[in-house]
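Working notes, beginning with the structure itself.
Bear in mind these aren't lab numbers, they're just calculated from the coordinates by the rules spelled out. Given the structure is predicted, the values throughout are model-derived calculations rather than measurements. We place every Cβ from the backbone using ideal geometry, glycine too, and count neighbours over all the protein chains shown.
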Amino acid sequence: MGNGCFSGCSGLTSITIPSSVTSLGTSCFYNCPKLEKATFQGKLPSNITNCYLQSTCIIYVPKAYFQDYKDALGSTYPYIYVPLKDETSGEEKPNEQCAVPTISYADGKLTFASSTPNAEYHYTITDTDMASDAYSQDGIVKLSAAYNISAYATADGYKASDKATATLYWVEANLQNTPTNINQTATRGIIVTSNDGIVTLSGLNNDETVRFYTVDGKQLGAAKAVNGTASQAVSESVVIAKMGNQTIKIAVK
């Protein structure tokens, strides 16, 4: 495989490399952000450490060469597996996939949970408000007060789960007051997730009511929090969740 042969291929999600490939070109997988699975069918190709394979990629290798791949790639690549065998056909099949984790927030703690036993979690948090030596002509900066969170689960003998996504919103904890000094503002975290048309909010007060509206103000329904969590099925692509005088705009997946 030539140098940079898949470089910049943003749509590449999986690849099978046959046993006839004996060498990988430098940077052949450079800037392939969606590459999640690579299956090697032969012995360890030369130059594998310079191919820029994503360290989060799930790598399947033949059992006979498993240790060769582990030794060459080292601890930077923790997800190297030997595919399981289908007992009836003898064909190789991927490891069972970890259950997608849930993301919740309560008592000042962000929590991930998966139904897969002994799951471990890998997460990314981005904050659009982060800035360094930024510039503002008029001295006014609008804060989004939101963190974007993604997480996936892994466990020994399992394929990595699909990613779960959520948004952590910081809203005023005291809805009766409107402080003007940022140091006086008491806040609480509300986690919002949406999947298959179900919107879920966690981090709420017990028995707190959340009302859901369309963007043009039509009420879709209401849900009361149980154990700090409230859910609502919606058919809109964008909804507004309202808690007291606080509102959150949610893109529904």
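Some points to look at:
- The phi-based Karplus calculation (6.51 cos²θ - 1.76 cosθ + 1.60; θ = phi - 60°) puts the 3J(HN,Hα) values of the stretch 49-56 at 6, 10, 8, 6, 5, 4, 5, 8 Hz, whole numbers, x for Gly and Pro.
- Sorted largest first, the principal axis extents computed over the alpha-carbon atoms of the stretch 1-148 equal 63, 40, 26 Å.
- Sorted largest first, the principal axis extents computed over the alpha-carbon atoms of the chain equal 68, 53, 32 Å.
- Whichever lysines have a C-alpha closer than 23 Å to that of K43, once near sequence neighbours (fewer than 8 apart) are set aside: K63, K70, K85, K93, K159
- Whole-Hz couplings from phi, Karplus 6.51/-1.76/1.60, listed for the stretch 228-237; x for Gly and Pro: x, 10, 9, 10, 8, 7, 9, 10, 7, 7
- Ranking Y147, T26, G42 by Cα position along the charge dipole of the chain, where only Lys, Arg, Asp and Glu carry charges on their C-beta atoms, puts Y147 farthest toward the positive end.
- Ratio of the Cα radius of gyration of the stretch 14-93 to 2.2 N^0.38 Å, where N counts its residues: 1.07
- Hz values of 3J(HN,Hα) by residue in the stretch 20-25 - Karplus curve (6.51, -1.76, 1.60), Gly and Pro given as x: 6, 7, 10, 8, 9, x
- Translational diffusion coefficient (Stokes-Einstein; Kirkwood radius from C-alpha pairs) of the stretch 102-251 at 20 °C, 1.002 mPa s, in µm²/s: 126 µm²/s
- Amide H contacts for E208 (H built 1.01 Å from N in the peptide plane; partners 5 or more residues away or on another chain; cut-off under 5 Å): A225.
- Local charge for V210 was computed over the other residues whose Cβ lies under 13 Å away, with Lys and Arg +1 and Asp and Glu -1, and equals +1.
- Packing here is the average count of other Cβ atoms within 10 Å per residue, and on that basis the peptides 7-16, 43-52, highest first, run 43-52, 7-16.
- Remark: the chain carries a charge dipole of roughly 220 debye about the Cα centre, counting +1 on each Lys and Arg Cβ and -1 on each Asp and Glu Cβ.
- The chain, relative contact order [Cα under 8 Å, separation at least 6], %: 11 percent
- Residue pairs, from the table K218/K253; K163/K218; K109/K253; K37/K163, whose Cα atoms sit over 22 Å apart: K163/K218; K109/K253
- Measuring max minus min along each principal axis, the C-alpha atoms of the stretch 97-173 give extents of 55, 27, 14 Å (largest first).
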